[in-house]
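Structure record follows, encoded as C-alpha cells.
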C-alpha cells in the first residue's frame with residue numbers, strides 16, 4: 001500500500017523538482033527591472049500598522065516583501081520570495097485537476113504550468129503575480145470542497161482566500177463572477193445553502209472594503225491609466241487567440257525571434273485553439289469540467305470587457321490568473337485525444353515539446369530585463385567629484401526606484417518629457433519634443449543651473465533614446481550648451497548612459513545588447 005502511494009506521488013514530485021530547478025536557474029543573472037524596483041520601493045514605504053495597511057490598495061505582497069527584505073536584498077533573495085508560491089500553484093493545479101476530473105488531467109495540467117516560460121518568468125520576478133495565482137488557486141480548491149460540503153470551515157476559508165487574492169491585486173475581483181455563477185447554478189433552489197455562500201461573499205467584501213475605498217477615492221475609476229496600459233490598442237481576435245501561445249510556450253519579451261520560429265508558434269497556437277474545446281464537446285462531459293470552464297472563461301471575458309470600455313488590460317500578466325484553468329481544460333482535451341487516437345496525441349506531444357523547448361531556450365538565453373545594475377555600476381565606476389546626474393524618462397517613479405542600486409549616493413535630478421512621441425519617425429519630431437522640454441519649459445532654470453555648476457554631466461536616458469535620430473537629438477541640445485558627448489554606453493532594454501563634457505569631440509562608446 002505504501003509502495004503504491006509512493007509510486008503515485010513520484011510523477012508529481014518529479015514535476016515539482018523540475019519546476020524548482022527552472023525557478024532557481026539564472027535567478028540572479030539579470031538586473032532587477034523597473035517593475036521589480038517599483039515593488040521594492042513600494043515595500044520600503046508601506047506602513048504595516050493597522051489600520052493603515054488595510055487602506056493600501058495592494059498591501060499583501062508588499063507587506064510580505066518588506067519583512068522578507070529584512071533578511072537580505074540581493075536579486076536572488078528578493079526574487080526567491082515568489083518561488084514557494086510558484087511551486088504551491090503547481091501543486092494546487094494538480095489537486096484541482098485531480099479532484100474535478102482525474103489524476104492524469106491533474107498531472108498534465110501541472111506539467112504545462114511548470115514548463116510555461118511565461119509563468120517561470122513571473123515566478124522569477126520581485127512581483128506579486130506568483131502570490132496572486134497561488135491564492136487564486138487555493139481559494140478555488142477550497143470552494144470545490146464547499147460546493148460539495150458547504151460547511152462553515154470551507155465557506156470562511158474560501159471567503160478569506162478570495163479577499164487575500166484581491167488584496168494582492170484588485171483585478172482578482174473578477175474571480176468572484178465565476179464563483180457566484182457556479183454557486184447560483186448549484187444552490188439556487190436551496191435557499192439556506194445559498195445564504196451561507198452570500199455570507200461568505202459579505203465577509204470578502206468587508207475585508208476588502210478599506211482598500212476598495214482607497215482605490216475608488218484616490219485612484220479614480222480608471223485606476224489602470226497610471227500603469228501605461230491606457231495607450232494600448234483594444235484587443236482584436238488575433239490578440240485574444242495568441243494568449244494561448246503566451247501561456248504555453250512563447251518566451252516573454254521575445255520580439256527578436258526569427259520569422260520561421262514565429263511561424264511555428266502560430267501553427268502551435270492554431271492547434272492549441274482547436275484542442276482546447278475538445279473535452280467540452282463531448283455529450284457526457286463532467287459537470288466539474290463546466291466549473292473549470294467558468295473559472296477560465298468568465299474572468300477572461302471580464303478583462304476583455306474592461307479593455308473595451310476603459311483602459312486595455314488584455315495583457316498576459318493580467319490574464320495569468322486564468323492560465324491554470326486553461327491548462328486543466330487543455331489537459332482534459334489531451335487525455336480525451338489520447339484515449340481516442342494515441343498517434344495523434346503523440347504528434348501533439350512532439351509539437352509541444354519542440355515549442356516549449358524553444359521557448360525555454362530563448363527565455364534563458366535572451367536578455368529579458370533592463371540592466372539598471374550595469375548602468376548604475378558604470379556610472380559609479382567612472383564618476384568624479386562635482387559631476388551632475390540627470391535621469392531623463394517619462395516615468396517619474398523610476399527615480400526613487402533605482403535608488404536600490406546606488407543607495408542614494410548619486411544625486412540624480414529628474415527630468416520628464418511630457419511630450420513623449422511614441423510613434424515619432426523623424427529626427428526633427430524628436431528634437432522638437434526634447435528641445436521644448438529642456439529649453440522651453442519650467443525645467444529651464446534647473447537644467448541651466450545643473451550645467452553651469454558642473455563640469456561633467458551624466459544622463460541616463462530611459463525609453464526616449466529608441467533610435468539613432470533620437471540619440472542625435474539629445475546630443476544636439478546639449479552641444480548648444482557647449483557640452484559634447486565624451487562617453488556613451490547602451491544597456492539592454494532601452495537604457496542609454498551619456499557622459500557630456502565641455503570641449504570633447506572624441507567618443508568612447510560601448511553597447512550591451
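Tabulated data
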| quantity | calculated |
| --- | --- |
| Residue count for the range 375-394, restricted to those that are in contact with a helix residue (DSSP H, G or I) (Cβ under 7 Å, 6 or more places away or on another chain) and either surrounded by fewer than 18 Cβ atoms within 10 Å (Cβ to Cβ) or not assigned by TED's automatic domain parsing to the domain that holds residue 455 (or both) | 1 |
| Residue count, the range 399-416 (criterion: within 22 Å of the chain's Cα centre (by Cα) and either without any contact (Cβ under 8 Å) to a residue 12 or more places away in the chain or more than 17 Å from residue 377 (Cβ to Cβ) (or both)) | 2 |
| Odd one out for residue 302 among (1) modelled with pLDDT under 95; (2) farther than 19 Å from residue 104 by Cβ; (3) within 28 Å of the chain's Cα centre (by Cα) | (1) |
| Top-ranked residue in the range 489-504 [being assigned to a loop (DSSP other than H, G, I, E, B) and in contact (Cβ under 8 Å) with a residue 60 or more places away in the chain; ranked as surrounded by the most Cβ atoms within 10 Å (Cβ to Cβ)] | 492 |
| 1 or more residues more than 30 Å from residue 290 (Cβ to Cβ) and in the same structural domain as residue 166 (by TED's automatic domain parsing): qualifying helices (runs of 4 or more DSSP H) within the range 46-125 | 59-68, 75-80, 83-100, 117-123 |
| Count - residues of the range 21-34 that are part of a helix (DSSP H, G or I) and crowded, with 16+ Cβ neighbours inside 10 Å | 3 |
| Test: residue 270 is in the same structural domain as residue 184 (by TED's automatic domain parsing), farther than 23 Å from residue 147 by Cβ and in a helix (DSSP H, G or I) | yes |
| Residue satisfying condition, being touching a helix residue (DSSP H, G or I) at 6+ places or on another chain (Cβ under 8 Å), in the same structural domain as residue 297 (by TED's automatic domain parsing), more than 20 Å from residue 128 (Cα to Cα) and surrounded by 15 or more Cβ atoms within 10 Å (Cβ to Cβ), within set 168, 140, 144 | 144 |
| Subset of the range 305-341 [over 18 Å from the mean Cα position of the chain (by Cα) and not in a helix (DSSP H, G or I)] | 310, 341 |
| Residues (within 20 Å of the chain's Cα centre (by Cα) and without any contact (Cβ under 8 Å) to a residue 40 or more places away in the chain) located in the range 154-169 | 165 |
| Test: residue in the range 246-259 that is modelled with pLDDT under 85 and not in a loop (DSSP other than H, G, I, E, B) | yes |
| Subset of the range 459-488 that is in a loop (DSSP other than H, G, I, E, B) and out of contact with any strand residue (DSSP E or B) (no Cβ under 9 Å at 6 or more places or on another chain) - its residue that is nearest to residue 399 (Cα to Cα) | 466 |
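The values are calculated or read from the model by the stated rules, or taken from the named source; none is laboratory data. Please read these numbers as outputs of a predicted model, since none were measured by experiment. Cβ sites come from the backbone with ideal geometry, for glycine too, and all protein chains shown count toward neighbours.
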